[in-house]
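The values are calculated or read from the model by the stated rules, or taken from the named source; none is laboratory data. Keep in mind that what you see is a predicted model, and the values were worked out from it rather than measured. All Cβ positions, even for glycine, are placed from backbone atoms using ideal geometry, and neighbour counts span all protein chains on display. Accessible surface is based on the protein model in full, side chains and every heavy atom, while ligands, DNA and RNA are left aside. Shrake-Rupley method; radii C 1.70, N 1.55, O 1.52, S 1.80 Å.
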Amino acid sequence: MHNWLLVLQAVSTYCSSLYQHCETLGRSIHIVNLDPAAENFNYPVAMDIRELISLDDVMEELGFGPNGGLSYCMEHLEENLDEWLAEELDNYLDDDYLVFYWPGQIELFSHVPMLRNFVEHLNRKNFNVCGVYWLDSQFITDVTKFVSGCMASLSAMVQLELPHVNILSKMDLVTNKRDVENYLDPEPRFLLSELNEWMAPWFKKLNKSLIEEVKYLLVQVPIRCDHTKLQWMDFEWLNIAWLALFHST
């Protein structure tokens, strides 16, 4: 039975650190690039969607823009899951770990069905899958950005229905760490009070509904890392991610 980790935002530093860590531990890990616009990697890429289709070719030949071209590439990938992907996966053993590096466009995780269909394809083949969602730490320095980031994360959780890990990135760029600490495990009453202060009075009912969603769906972002390397958190996030992965069995 294979183990999979879906990186739900394109974060090359994460994949590089994960690869180095697993190499140190002697674990067999393979990074799979599913971003047709990716260019350079500082780690080996075991499978690469650009061997199937590239964004530059689609834009040049079909005249699409970046977003339209990306959607076309993802649809083409979906059409070739049983051929290109299945053939590539036959090269790996049951105890291998595979990490998928996805494009960062939020619509792929929130409402476009392609990624959900991809996950269902893996589940039908009896794979263990865990999602890792990256959120820029700048998104939780005030309550409005925090709620926005939570809703984006929730949309991915609901869409994919996977064991899910939230990770804050670029923590070294936050000037006041206390601004972030206030939102890691906040009290709903605190959030509602802050949100009502920021928003116009006629949004109070909507604010209450949003905070209830955040409260009951338990979206938390407890794992933090630097934008260039993993700092004091070391690899606690890795253990949590693998734990979530194994709990999906």
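Starting from the range 22-33, take each residue that is more than 17 Å from Asp95 (Cβ to Cβ) and list its partners that are of a type outside the set (Asp, Glu) and surrounded by 12 or more Cβ atoms within 10 Å (Cβ to Cβ), counting only C-beta distances under 8 angstrom and pairs at least six apart or across chains. Between residues of the range 22-33 that are more than 17 Å from Asp95 (Cβ to Cβ) and residues that are of a type outside the set (Asp, Glu) and surrounded by 12 or more Cβ atoms within 10 Å (Cβ to Cβ), the close pairs are Asn33/Phe41; Asn33/Val45; Asn33/Met47; Asn33/Ile49; Asn33/Arg50; Asn33/Tyr101. Determine, yes or no, whether Ser209 is of a type in the set (Ser, Thr, Tyr) and in contact with a strand residue (DSSP E or B) (Cβ under 6 Å, 6 or more places away or on another chain). Judged against the criteria, Ser209 is not a match.
Against the test of being farther than 22 Å from Leu192 by Cα and among the acidic types (Asp, Glu), the options Asp142, Asp90 yield a single qualifying residue, Asp90.
Could you grab me the full set of residues in the range 160-191 that are surrounded by fewer than 19 Cβ atoms within 10 Å (Cβ to Cβ) and within 24 Å of Val112 (Cβ to Cβ)? Matches in the range 160-191: Glu161 only. Take the conditions closer than 26 Å to Leu191 by Cα, crowded, with 18+ Cβ neighbours inside 10 Å and either under 15 Å from the mean Cα position of the chain (by Cα) or of a type in the set (Lys, Arg) (or both) and apply them to Met157. Does it pass? Yes; evaluated as a whole, the condition is true for this residue. It is to be established whether one or more residues within the range 228-240 are open to solvent by 80 Å² or more (accessible area, probe 1.4 Å) and either at pLDDT 70 or above or in contact with a Leu (Cβ under 8 Å, 6 or more places away or on another chain) (or both). Taking every residue of the range 228-240 in turn, none turns out to be open to solvent by 80 Å² or more (accessible area, probe 1.4 Å) and either at pLDDT 70 or above or in contact with a Leu (Cβ under 8 Å, 6 or more places away or on another chain) (or both).
The set of residues from the range 135-148 being touching a residue at least 24 places away in the same chain (Cβ under 8 Å) and either surrounded by fewer than 20 Cβ atoms within 10 Å (Cβ to Cβ) or of a type in the set (Gly, Ala, Ser) (or both) comprises Asp136, Ser137, Gln138, Thr141, Asp142, Thr144. Of all the numbered requirements in (1) crowded, with 22+ Cβ neighbours inside 10 Å; (2) on the phi > 0 side of the Ramachandran plot, Asn126 misses one, and that requirement is (1).
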